[in-house]
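Data block below; observations after.
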2 protein chains.
Amino acid sequence: MIASFAKTARQEAAVDSFRAAICPTKMTIADLGCSVGPNVLQMASEIIEAIAQASHQLNRRPPEMQVFLNDLPGNDFNTLFSLLPEFYELRETKLQETDQEQVPCFISGVPGSFYVRLFVSKSLHFVYSSNSLHWLSQVPQMQLQDGSEAPLNNKGNVYISHTSPPSVFEAYKKQFKRDFSLFLKCRGEEVVEGGHMVLTFMARRSSDPLAPMDFDGWELLAKALRDMVSLGLTEEEKVDSFNLPWYAPSMEEVKDEITIQGSFAIKKIELFDINWDDNSQEAPRNDHNYNPVAKSTLTMAKASRAVLESMLKSHFGEAIIEKLFERYCFLLEEYYSKYKAEVTNILIVFERK
Amino acid sequence: MIASFAKTARQEAAVDSFRAAICPTKMTIADLGCSVGPNVLQMASEIIEAIAQASHQLNRRPPEMQVFLNDLPGNDFNTLFSLLPEFYELRETKLQETDQEQVPCFISGVPGSFYVRLFVSKSLHFVYSSNSLHWLSQVPQMQLQDGSEAPLNNKGNVYISHTSPPSVFEAYKKQFKRDFSLFLKCRGEEVVEGGHMVLTFMARRSSDPLAPMDFDGWELLAKALRDMVSLGLTEEEKVDSFNLPWYAPSMEEVKDEITIQGSFAIKKIELFDINWDDNSQEAPRNDHNYNPVAKSTLTMAKASRAVLESMLKSHFGEAIIEKLFERYCFLLEEYYSKYKAEVTNILIVFERK
């Protein structure tokens, strides 16, 4: 139900972009921070279908669609691309079955950080990004009085925590503001007038970063790391110097940056909760061993691992990884057997001014 | 020197495309069948530089460049993309050093066969393809009298050979005509009026496919496969049923297809010889063990292996591969110690009518 809420927002904004461009014969859309997996193509497909339907209702030919799938150069594009032949084939079959007019669609991969320009000026009609913008361009640094920068003083933690000094929150907030503003500036140059953008990413409900948090996963990761120290598998200093390039902003922080940057108007902004569990897959029938908590934790651990592994490897070395994730998974399971496995997300629908 | 001949043709045609579009603010170029390796980015870079220079001479701002790198979905795009951060960085440094105006350039990967549409209509200013179009879309089939198709009867060979019946040549030629025509049709739809295309791929000097060939590599591969049969490592029937989806056309065959298809005008068409050896790397100084023949063979075997390996694996199984390439390499070395390691290529410069 919650996934369909974001889906509807994307579809509506895509159609609004199509109308704003006065039913163009070609449309370019981009998924920023797409990652890997069938969801990527599913999302693109839903948007294309919405536009096909809208053009049908307006008695126009559906536009040819250029779809750009972006992620960092280290993303596994090979795996993503290996799904394409089947994707194109399925589209073909479905079109023949439903006797619908073909919407030609051309997919390409764009390797690069979305904190720099990725596309030529005024070339995108519609941009969306799901579950990515909480990742910062770098680990925040503290600004010293002489203007130079120094590593965060965040002993035993990997993110803003109750035991972090206020300077840690300030540094994180500042990095988010800088990154998000840059993101908006770049997209502002790339998106055509009237083009839309839909972003969803993790956020927090309170302006106070130390209020009971929606997402406690990083506290548990820090705990797992400290446990590795106790086991003698890594050094305390290594844990102290590791911080995540991640930030969950409040709605106010997001709004402020959008207003200050000025390229986009906000059409909708909302917080919503999503379950870490994969709602699209139901419990297998007759499986008496089915344990929703374990499944939820597994989904969570898998999702985190995909993004975390390379960061952790390069800081702590490869040897620690298996043991660390085993411990992290255990802590997640223990925790989410008591608490709801929910996290807060923000959804923003923008229009290019 | 020979590489620079094709390089100049690409640069001139790219500049002609830029002029034809009356110095656009954005230009889209595509490398079809790009494969992997630093050469890919080198070629793109040379084209961008030529356009930057031309726009400078015309007192225009250089256009923003969208570069599409295409190959089959099985191509190792991950490796190709891993070269991008360094590529962008180098460009940045070079620009700062030379005080040149920045030409923003955005690279993306397009997985798919170039025998179908890959891009939206009228979206490309300049297309180039180097060393790819001799690969057919499929292994040719023989047409039976009742209209149905059957595998080639090409006992002991993997391509047109002196012991092949005439039907084999006919089937290969027909498949090339069909594929090349489709290629031209697709590109005709994608390239803007006045846009250019530069293709280079392997060709033959004679209209007779059984005249002394420029490239004997496939005869040697067939021999290596027959040797595997002698060693009991594979069955004769397996070798008999294996044929390469590859064809080196004559200049007449190429010209005829371009004329019949009709989307493009030929601005230049030439045959030229290239050495399998890598001319860009000279013999290491003071290396008394340097053996130009062995090096040439190694380059050749490596180049063939990259494209051949997956085909051979899926037909003969993985177990045979090491032994087969060892034998193939030996035969190549033996052969090219007697003959020049040269192959004939065709270069065609097109303009979209």
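Points worth noting:
- Legend: mean number of C-beta atoms from other chains within 10 angstrom of residue C-beta atoms, peptide A:109-117, equals 4.
- Net length gained if the chain between B:LYS268 and B:GLN96 were fully extended (0.36 nm per residue, minus Cα distance): 58.2 nm
- On association of chains A and B, roughly 2000 Å² of accessible area becomes buried (total for both chains; probe 1.4 Å).
- Solvent-accessible area of B:ARG352 with every protein chain in place, 1.4 Å probe, in Å² to the nearest 10: 50
- The protein assembly as shown - Kirkwood radius from inverse mean 1/r over Cα pairs (Å): 28.7
- Taking only protein heavy atoms and a 1.4 Å probe, the accessible area of segment B:42-171 is 50% carbon and sulfur.
- Rounded to 10°, Cα long-axis angle of helix A:321-336 versus longest principal axis of chain A: 80
- Counting only alpha carbon atoms, the long axis of helix A:166-190 and the longest principal axis of chain A meet at about 20°.
- Stokes-Einstein D in µm²/s, Kirkwood radius over Cα pairs - segment A:180-228 at 20 °C with 1.002 mPa s viscosity: 149
- By a 1.4 Å probe calculation restricted to protein chains, A:ASP256 has an accessible surface near 80 Å², given to the nearest 10.
- Computed over the Cα atoms of segment B:6-138, pair by distinct pair, the Kirkwood hydrodynamic radius stands at 15.4 angstrom.
- Pairs from A:LYS7/A:LYS338; A:LYS26/A:LYS255; A:LYS122/A:LYS177; B:LYS223/B:LYS338; B:LYS173/B:LYS338; B:LYS122/B:LYS353 whose Cα-Cα separation, in the structure shown, is over 21 Å: A:LYS7/A:LYS338; A:LYS26/A:LYS255; A:LYS122/A:LYS177; B:LYS173/B:LYS338
- Residue (of B:PRO24, B:LEU95, B:ALA211) at the positive-pole extreme of chain B, dipole from beta-carbon charges: B:PRO24
- Normalising the average separation of contacting C-alpha pairs (under 8 angstrom, six or more residues apart) by the number of residues puts the relative contact order of chain B at 20 percent.
- The GluC sites (Glu not before Pro) of segment B:68-158 that DSSP puts in a loop, and whose beta carbon has at most 14 other beta carbons within 10 Å, are B:GLU101.
- In segment B:43-93, the C-alpha radius of gyration followed by the widest Cα-Cα span (Dmax) gives 13.7, 43 angstrom.
- Peptide B:72-82 - average C-beta neighbours from other chains (10 Å radius): 5
- Inter-copy separations for A:LEU210, label at 7 Å along Cα-Cβ, nm, ascending: 9.0
- The residues of the protein assembly as shown present an accessible area of 47 Å² per residue when probed at 1.4 Å with all protein chains retained.
- Positive-end extreme of charge dipole, chain A - chosen from A:ASN345, A:TYR328, A:LEU124 (charges on Cβ): A:LEU124
- Note on chain B: with charges restricted to the Cβ of Lys and Arg (+1) and Asp and Glu (-1), its dipole about the Cα centre is near 740 debye.
- When only alpha carbons are used to place a centre, segment B:1-68 and segment A:131-164 end up 43 Å from one another.
- Computed from point charges on the beta carbon alone (+1 for Lys and Arg, -1 for Asp and Glu), the dipole magnitude for the protein assembly as shown about its Cα centre is near 1440 Debye.
- Dipole of chain B computed with +1 at Lys/Arg Cβ and -1 at Asp/Glu Cβ about the Cα centre; of B:ASN75, B:SER137, B:PHE264, farthest Cα towards the positive end is B:PHE264.
- Computed from Cα atoms, the angle from the helix A:2-20 axis to the main principal axis of chain A rounds to 40 degrees.
- Using a 7 Å projection from Cα along Cα-to-Cβ, the label point at B:LEU144 is separated from the same position in the remaining copies by 8.3 nm, smallest value first.
- Sites listed here are GluC sites (Glu not before Pro) in segment B:187-261 whose DSSP assignment is loop and whose Cβ has at most 15 other Cβ atoms within 10 Å: B:GLU235.
- Distances between copies of A:PHE272, taken at a point 7 Å out from Cα along the Cα→Cβ vector and listed shortest first: 5.8 nm.
- Neighbour net charge for A:ASP76 - beta-carbon separation under 14 angstrom, K R +1, D E -1: -2
The values are calculated or read from the model by the stated rules, or taken from the named source; none is laboratory data. Bear in mind the structure is a predicted one, so any value in this text is a computation, not a measurement. Glycine also receives a Cβ, built like all others from the backbone with ideal geometry; neighbour counts cover every protein chain displayed. Note: areas computed on protein heavy atoms with side chains; ligands, DNA, RNA excluded. Shrake-Rupley method; radii C 1.70, N 1.55, O 1.52, S 1.80 Å.
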